[in-house]
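A.B. asks: Let me give you the structure first, and then I'll get to my questions.
The values are calculated or read from the model by the stated rules, or taken from the named source; none is laboratory data. Just so it is clear, the model here is predicted, and its values are computed rather than measured. We place every Cβ from the backbone using ideal geometry, glycine too, and count neighbours over all the protein chains shown.
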Amino acid sequence: MKFSFHPEAESEFIAAQTFYDDREFGLGEEFMDEVQAAIGRIIRDPNAWPRYSHRTRRCICKRFPYSVIYRVSEGSVTIYAVAHQSRKPGYWKDRLS
């Protein structure tokens with residue numbers, strides 16, 4: 001199964017990685033690995049995570065306080081947010097149109 005990032009989701013993913021790298025050398029790469037592992041789990045079984053909001057699903061990262069918000073359609077996964085769990089819920093909803 002293929003996947004793609006909404007441009008804003010990709011930007012926030014990179015920004016979070018940079019944030020963690022600025023905190024401690026190598027931590028940004030660990031964050032990237034964690035999100036990529038979550039994406040791998042999503043691709044293997046996209047319906048494994050519960051329905052979330054606006055016909056999306058949410059996979060919670062194990063080590064970092066982030067969730068991958070996505071939709072499945074026509075054999076592909078679109079990631080709409082790599083969302084910090086303390087950020088205002090639903091800030092990414094305008095990306096769905």
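A.B. asks: Go through region 17-67 residue by residue and tally those that are within 16 Å of His84 (Cβ to Cβ) and either of a type in the set (Phe, Trp, Tyr) or touching a residue at least 60 places away in the same chain (Cβ under 8 Å) (or both).
C.D. replies: Selection size over region 17-67: 6.
A.B. asks: How many of the residues in region 1-12 are under 13 Å from the mean Cα position of the chain (by Cα) and either loosely packed, with under 14 Cβ neighbours inside 10 Å or assigned to a helix (DSSP H, G or I) (or both)?
C.D. replies: The total comes to 7.
A.B. asks: Yes or no: Tyr80 closer than 13 Å to Ser4 by Cα and in contact with a His (Cβ under 6 Å, 6 or more places away or on another chain)?
C.D. replies: For Tyr80, the condition - closer than 13 Å to Ser4 by Cα and in contact with a His (Cβ under 6 Å, 6 or more places away or on another chain) - is met.
A.B. asks: Name, by its number, the condition in (1) farther than 27 Å from Ser97 by Cβ; (2) under 13 Å from the mean Cα position of the chain (by Cα) that does not hold for Asp21.
C.D. replies: So the condition that Asp21 fails would be (2).
A.B. asks: Here's another thing I want to ask about it. Pick from region 67-97 the residues that are outside any loop (DSSP other than H, G, I, E, B) and aromatic (Phe, Trp, Tyr): which of them is surrounded by the most Cβ atoms within 10 Å (Cβ to Cβ)?
C.D. replies: Tyr70
A.B. asks: Next question. Pull up region 13-66, narrow it to residues that are in a helix (DSSP H, G or I) and among the β-branched types (Val, Ile, Thr), then point me to the one that is nearest to Asp94 (Cα to Cα).
C.D. replies: Among residues in region 13-66 that are in a helix (DSSP H, G or I) and among the β-branched types (Val, Ile, Thr), the one nearest to Asp94 (Cα to Cα) is Ile14.
A.B. asks: Also: Look through region 42-66, keep the residues that are closer than 16 Å to Glu8 by Cβ and at pLDDT 95 or above, and return whichever of them is surrounded by the most Cβ atoms within 10 Å (Cβ to Cβ).
C.D. replies: Here the answer is Tyr66.
A.B. asks: Here is a check on your reading of the model: is Ala81 in contact with a strand residue (DSSP E or B) (Cβ under 7 Å, 6 or more places away or on another chain) and of a type in the set (Gly, Ala, Ser)?
C.D. replies: Spelling it out, Ala81 is indeed in contact with a strand residue (DSSP E or B) (Cβ under 7 Å, 6 or more places away or on another chain) and of a type in the set (Gly, Ala, Ser).
A.B. asks: Additional query: Residues of region 5-23 being farther than 18 Å from Tyr70 by Cβ and acidic (Asp, Glu), which ones?
C.D. replies: Across region 5-23, the qualifying residues are Asp21, Asp22.
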